[in-house]
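To keep things clear, I will list the structure first and then write my remarks on it.
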Amino acid sequence: MLKPKATDLNPPEASPTTPAAAPRIIPRSDHSISRSHISPNALRVLNRLRDAGFMGFLVGGCVRDLLIGIEPKDFDVATDALPEQIKRLFRNSRLVGRRFRLAHVFFGRDIIEVATFRAATAPSQGDEPLPEADPEDGEAPELDEGADESADIDAPEPVRAAPGARAAVDDDDPNADRRFDASGRILRDNVYGTIDEDVWRRDFTANALYYNIADFSLWDYVNGAQDIAARTLRLIGDPETRYREDPVRMLRAARFEAKLGFSIEPATAQPIGPLRELLAGVPPARLFEETLKLFLRGHGARSFEVLRRRGLLAALLPSVDAYFSTHPGSLVEKLLLQGLRNTDERVLADKPVTPTFLFALLLYGPIAGLIEAAPPERWHELATILEACDRAMRQAQTRLAIPKRFALGVREMFALQPRLEHPRGRRALRVLEHPRFRAAYDLLLLRAEHGLAPPDMAQWWTRLQEVSPEERGRMADALAGEGPSRGPSGPRRRRRRRPRRPPSSA
């Protein structure tokens, strides 16, 4: 870790930060990054680029994390080699991306992303939306922290050309470096540049350090090393301009504040409140992915607190923010925070987490509010619960592109709550086989912990999962009364069988 003198830190008047024409080069003796902490596969890529005569740098979040002692999740490489040259150099690579071509180098399941330096006029990758995640109920999708704004490089959604962009080439030329649609939106942008231009494509100074494999030095154009030492988040360039270019940078600032414990410097923080509504214009698929990064990376509880404090929850999930604004300090808020803390613990223990459970937590308040708006005698009816789930999900989907499988999962989790609270004899054993049982059971435990469900029933279901099948049957029979034909309040009526209708002759 770098330990600069107090006089070396960025003075207040240094904001907005403008990249220097030449970098400050920090030799290996003056920083703490060791090759022993770098992915061997990333080192293979860097060394092969160097041996082939190209520049090779680790860049972005991985350099930042190495400096502050966090094990990076991903290692990204920047180089002056063109994508086609990278492809020829690495037989285990694949070129990806429509708007900006780069290479994925595969080492089994490990992927090293290699990007050519981008020109200052090239739009940020962060302007491109992300695809829907594709996990089932198990592990959450792998999400790339990235060196700059994360993005789906294969996504077709374009953005408008930046002011001063180079002139468009023939739209009919499939090999054109830059293509526009009829409205002037960029469809492809393979405008490459130098490392001096590439630094402008980064968002925060802490994410704009380059680790040079040639001599193991750090290249610093924006005083990023000092900001990391001071644990400060500072946007490169004018903050309001950068947020307008890509409003998701506001969410990234909140995420890094929560994840790293960095403070957002005043000039970077000030425009967030006035500009937060710009997030309404961001593609919902991209906001969905940013939401997963905020809440499924091990710092979800802190992310929720930061989003509320910065006023960003109202822009990301308006109905959720509205509920907690009208129910401050409620049991539902305590349930949500405890659920997020439990999820953080699972992530840190390398256990699977699911977006289905996350959205059940986030939407619990709006769903509860919609149920309570119905007459009290209908609160426990399945139709009321399902209608509230559907309405709350539709409200959330005005901002986030929540995939249908997760929306259906939330619906099923809430639909199971009455069956968990009021099990009926041996019919309860069939609930154990339901694909959403475990998630619904975890939600029941949270509800019981905060007085929103009967604690004795939560204990009963816990015990039921621990015993043998024979003991399960006895527990179910005991719950029903003297035998399987009796319910909690006495003998159950036998249903009269309806006469079977004869098969149609048509």
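The values are calculated or read from the model by the stated rules, or taken from the named source; none is laboratory data. The model shown is predicted, which means the values in this text are computed figures rather than measured ones. Cβ coordinates were reconstructed from backbone atoms using ideal geometry, including for glycine residues, and neighbour counts include every protein chain displayed.
May I ask you to list the residues in the range 399-420 that are of a type outside the set (D, E, K, R) and touching a residue at least 60 places away in the same chain (Cβ under 8 Å)?
The answer is Leu400, Ala401, Ile402, Pro403, Gly409.
Condition first: over 32 Å from the mean Cα position of the chain (by Cα) and surrounded by 15 or more Cβ atoms within 10 Å (Cβ to Cβ). Now tell me which residues in the range 425-445 satisfy that.
Selection gives Gly425, Arg426, Ala428, Leu429.
Pull out all pairs, ordered by first then second residue, where Cβ-Cβ is under 8 Å, the residues are six or more apart or on different chains, the first lies in the range 217-228 and is on the phi > 0 side of the Ramachandran plot, and the second is among the polar types (S, T, N, Q) and modelled with pLDDT under 95.
Short answer, once both residue conditions are applied: Asn223/Asn10; Asn223/Thr17.
Select, from Glu257, Glu197, Glu245, Glu265, the only residue that is farther than 25 Å from Leu95 by Cα and at pLDDT below 95.
Sole residue among the options that is farther than 25 Å from Leu95 by Cα and at pLDDT below 95: Glu245.
Residues are listed down the side, and each one gets a yes or a no for (1) over 18 Å from Arg255 (Cα atoms); (2) under 18 Å from the mean Cα position of the chain (by Cα):
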site: Glu277; (1), (2): no, no
site: Phe288; (1), (2): no, yes
site: Arg297; (1), (2): no, yes
site: Phe304; (1), (2): no, yes
site: Arg341; (1), (2): no, yes
site: Leu361; (1), (2): yes, yes
site: Glu372; (1), (2): yes, no
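Scan Thr194, Thr291 and give me the residue that is in contact (Cβ under 8 Å) with a residue 24 or more places away in the chain, surrounded by 19 or more Cβ atoms within 10 Å (Cβ to Cβ) and of a type in the set (Ser, Thr, Tyr).
Only one candidate qualifies: Thr291.
One line per residue, one yes/no per condition, for (1) under 18 Å from Arg118 (Cβ atoms); (2) part of a loop (DSSP other than H, G, I, E, B):
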| residue | (1), (2) |
| --- | --- |
| Ala22 | no, yes |
| Ser29 | no, no |
| Ala42 | no, no |
| Phe57 | yes, no |
| Asp65 | no, no |
| Asp74 | no, yes |
| Val77 | yes, no |
| Gln85 | yes, no |
| Arg88 | no, no |
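Could you give me the residue pairs with C-beta distances under 7 Å whose first residue belongs to the range 345-356 and is in the same structural domain as Arg405 (by TED's automatic domain parsing), whose second residue is among the acidic types (Asp, Glu) wherever it lies, and which are 6+ apart or on separate chains?
Pro352/Glu139; Thr354/Asp137; Thr356/Asp137
Tell me which of these Ile402 doesn't satisfy, since it passes every other one: (1) modelled with pLDDT under 95; (2) in a loop (DSSP other than H, G, I, E, B); (3) not basic (Lys, Arg).
Failed condition: (1).
Could you tell me which numbered condition Ala448 fails, if it satisfies all but one of (1) in a helix (DSSP H, G or I); (2) surrounded by fewer than 18 Cβ atoms within 10 Å (Cβ to Cβ); (3) without any contact (Cβ under 8 Å) to a residue 24 or more places away in the chain?
(2)
Within the range 73-97, which residues are in contact (Cβ under 8 Å) with a residue 60 or more places away in the chain and among the basic types (Lys, Arg)?
Within the range 73-97, Lys73 is the sole residue that qualifies.
Considering only residues that are more than 22 Å from Glu381 (Cβ to Cβ) and not in a helix (DSSP H, G or I), which ones fall in the range 415-445?
Scanning the range 415-445 gives Arg426, Leu432, Glu433, Pro435.
With the condition kept exactly as written, say whether any residue in the range 260-268 is buried (at least 21 other Cβ atoms within 10 Å of the Cβ) and either of a type in the set (A, V, I, L, M) or in the same structural domain as Met393 (by TED's automatic domain parsing) (or both). It would help to see each step written out before you state the result.
To start, the set of residues in the range 260-268 that are buried (at least 21 other Cβ atoms within 10 Å of the Cβ) comprises 262, 264-265, 268.
Imposing the further condition that a residue be either of a type in the set (A, V, I, L, M) or in the same structural domain as Met393 (by TED's automatic domain parsing) (or both) reduces the set to 264.
Yes.
Go through (1) touching a Leu at 6+ places or on another chain (Cβ under 8 Å); (2) crowded, with 22+ Cβ neighbours inside 10 Å; (3) not assigned by TED's automatic domain parsing to the domain that holds Ile70 and name the single condition Arg252 misses.
(1)
Out of all the residues in the range 311-318, is one or more of a type outside the set (A, V, I, L, M) and either surrounded by fewer than 22 Cβ atoms within 10 Å (Cβ to Cβ) or in a loop (DSSP other than H, G, I, E, B) (or both)?
yes
Taking Ala388, is it closer than 21 Å to Ala315 by Cα, of a type outside the set (Val, Ile, Thr) and crowded, with 21+ Cβ neighbours inside 10 Å?
Criteria not met by Ala388.
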